[in-house]
Amino acid sequence: MTKFVFDDSELKKKRYAFTDNDRSAFEDAEVGSEKKIVVENEQGDNVEMTFRVTRNVHLGKRQHWLYGCLLGVPVGEYRQIEIKLYDREPHLDSIEVFLQAPPSLMQKLR
């Protein structure tokens, strides 16, 4: 079986940081709801993002992961946002945006 490894350039992934430690916006993040957040890009600029929640999971008591589809992007571009929150270790929190989804392993094997 072939192993596929994707790096940041292939995934077109960008990383962002929270502008504060307020996580209250994610407490009631139901699937299908829209959320607006302000994050900091790698250059230190504030960026506003609006997304529709597609998945909201709690992995045990300490991890809370949200997935969503960014709204207001050009037609035909796929953009996914992934927010990972760590209850007792906020320094591990992450926000990543993918400009396109990685290819499906099953499609590559066909």
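Results, tabulated for the structure shown:
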item: Approximate spin-label separation Glu96-Cys69, in nm, with each point projected 7 Å along Cα-to-Cβ; result: 2.1 nm
item: Ranked packing of 82-88, 39-45, 59-65, most packed first, by mean Cβ within 10 Å; result: 82-88, 59-65, 39-45
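Every read-out reported here was derived from the displayed coordinates using simple, explicitly stated rules and does not represent laboratory data. Worth saying up front: this structure is predicted, and the values here are computed from it rather than measured. In this analysis, Cβ positions are derived from the backbone assuming ideal geometry, glycine residues included, and neighbour counts consider all displayed protein chains.
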